[in-house]
Amino acid sequence: MPFDAGLAAAVTKELKEQLCGAKIEKIQQPERDEIVLSLKIARETKRLLISAKAGSARLCVTRLEKENPQTPPMFCMLLRKHLSGGIIADICQLGFERAVEIKISTYNELGFPTEKYLILETTGRYSNIIFCDCDKKVVSALRVSELACDEKRKLLCGFRYENMPVPENRISPLGVSKEVFLKMINDHIKSFSADTLCDKFLLSSFYGVSPLVCREIVYRTAKETSFPLAKLCDDGLLDNFYLNFNAVYSAVEKGVFTPCLIKDRDGEVAEFSFCEILQYGTGGVVFHPESFSELLDSFFGSRDLRDRIRQKSQDIFKLLSNAEGRISKKAELFREDIAACDEREKYKKMGDLITANMYMLKKGQTSAKLVDYTDENMPEVEIELEVNLTPSQNAQKYYKKYNKMKTAQEYLTLQLERAQHELAYIDTIFESLTKAQNEKDLEEIREELRSCGYGKKLDSLSSKNHSKKLLKQKQKASFSPMEFETSGGYRVLCGKNNLQNDFVTTVAAGKSDYWFHVKNMPGSHVVMFCGDEEPDARDFTECAMIAAYYSSGKKIPNVAVDYTKVKNIRKPSGAKPGFVVYDTNYSAYVTADEQTVLALKKGN
């Protein structure tokens, strides 16, 4: 769902009511195409996000926080120079387009009052943030046009800003009369085809509309989203088609909007809109957030975080994928070799038969047919012999093959077990990547991988020495595991990666505290700090749900979670980060409920 003109109108109305008169205290640029304004209004601080990121361009008040680069980009420095301390005078939509203008009252270099403008255009991959002076001349922009580019509309520093051009053969959906609407349908059928779908007709005839809203208008008319214009005419639904179209966009003209968020059956956000959406029926769950800012934060927040972490963790992902492929291939070869070693009993049997029939054999024979006395049917078995070896030496040859394969199987079994442990460890790192929230979390994962022999060594330290160094620094390290509070008021810590898991379990926790972990799956270590007190069953259930939610069994109903006192947890000598063993434990079966877990999380 794009940030269309209808949503731009809704957000503009909401932000104008909230932010006019707010003072700009800070300006930050956490991402290459995002600006965050920290605003002070009525003793309250709000953060205005202006994003021109392709696929998630938007304007809203946000609660999400991101790490800022140590050195601010030049565009951010320019905005700080001109806009710091300014007052937001107005927020308006430019026509019925996906463009919003923020008017800021400030002072120029000589101390005289002036006005500056920030303009956000949410046009997909061409989205942009443009900074203009009091005469609406472009001072700078995230994406500036080049003189050599053959563009109908150039964005060049020093040129006066021009509104986005209206697409050819399209009109605004606002204020369209019934006569004009029906005439457009007739003209379209004559010029193109009567088989055109109704939503495609709306998209090609009006600007500022989105595919979702067009399908919704069709659904309200025909109770389905794919409906041809010709059938619409034949069924006599043209008047109803116009009424539904007019109902949506007359509400936009009047400033009547309904924040609408749609989630699929798995709880993942799917669509959002400025009007009620009915087309999903039982296939989706509709929510109505309190504001459009909350709507946009809910839709884009987790997705942006996921995309950002995925982008910044490509080096880790590539390293782990290569290692997983290499180790999996070795493990498969080990299994094949172990299967081949299962034939060793055949060689022992041949040696036994030669030994039992030694008196019948002599040197120089190439083969011999011997009776197999171990089989009740006593069949004859043909055994190959070496010409240059005596019967005794031939028997020893088969015994040697048997012993060699027996030793090989023991060694290969050990190597296969190590490979399986290594693959299980790699799975825990992949699971840690899903919980990483910032660059610091990723750096901790990189440190862990270096300590375990993956990637380049730090400061020319060996893997073993570096691991010892990390363990010594645990007390001083500024780990930031996730923190929760149960209904009974007990503090809970949850590690986001294996280093944090070690910190939570072996450093932060006391012996009488309770430790939780999903059974036989990669997941976080969760510790409930209760001392000598015995929490209620509800507290145990909530901690088990936290452990299940932050594990690979997140979506499994009734997943098993082991829990025990920390004094029963042991970390074997030389074990990899995050690996512990325990013998005494209880198990709880819970289903990870996202709303319950996030409600317990501190900082939400």
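Here is how the numbers come out for the structure above:
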read-out: Residues that are among the polar types (S, T, N, Q) and in contact with a helix residue (DSSP H, G or I) (Cβ under 6 Å, 6 or more places away or on another chain), drawn from the range 274-290; value: Q279
read-out: Candidates L118, L79, L39, filtered to the one that is buried (at least 18 other Cβ atoms within 10 Å of the Cβ) and farther than 29 Å from G255 by Cβ; value: L79
read-out: Criterion (under 27 Å from the mean Cα position of the chain (by Cα) and in the same structural domain as G510 (by TED's automatic domain parsing)) met by exactly one of A592, A588; value: A592
read-out: Residues of the range 1-34 classified as assigned to a helix (DSSP H, G or I) and either more than 25 Å from K81 (Cα to Cα) or in contact with a helix residue (DSSP H, G or I) (Cβ under 9 Å, 6 or more places away or on another chain) (or both), total; value: 13
read-out: Residue match in the range 521-529 (condition: over 16 Å from I569 (Cβ atoms) and part of a loop (DSSP other than H, G, I, E, B)); value: yes
read-out: The listed residue being closer than 30 Å to E65 by Cα, surrounded by fewer than 17 Cβ atoms within 10 Å (Cβ to Cβ) and among the hydrophobic types (A, V, I, L, M, F, W, C), out of A547, A592, A537, A599; value: A599
read-out: Out of E384, E380, E332, sole residue that is among the acidic types (D, E), at pLDDT 85 or above, in contact with a strand residue (DSSP E or B) (Cβ under 8 Å, 6 or more places away or on another chain) and in the same structural domain as E417 (by TED's automatic domain parsing); value: E384
read-out: Test result for E67, assigned by TED's automatic domain parsing to the domain that holds I129, at pLDDT below 95 and touching a Ser or Thr at 6+ places or on another chain (Cβ under 7 Å); value: no
read-out: Odd one out for A408 among (1) more than 19 Å from F579 (Cα to Cα); (2) touching a Phe, Trp or Tyr at 6+ places or on another chain (Cβ under 7 Å); value: (2)
read-out: Total residues in the range 292-329, condition of a type in the set (S, T, N, Q), under 30 Å from F257 (Cα atoms) and surrounded by 16 or more Cβ atoms within 10 Å (Cβ to Cβ); value: 2
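The values are calculated or read from the model by the stated rules, or taken from the named source; none is laboratory data. Just so we're clear, the structure is a prediction, and the values are computed from it rather than from any experiment. We place every Cβ from the backbone using ideal geometry, glycine too, and count neighbours over all the protein chains shown.
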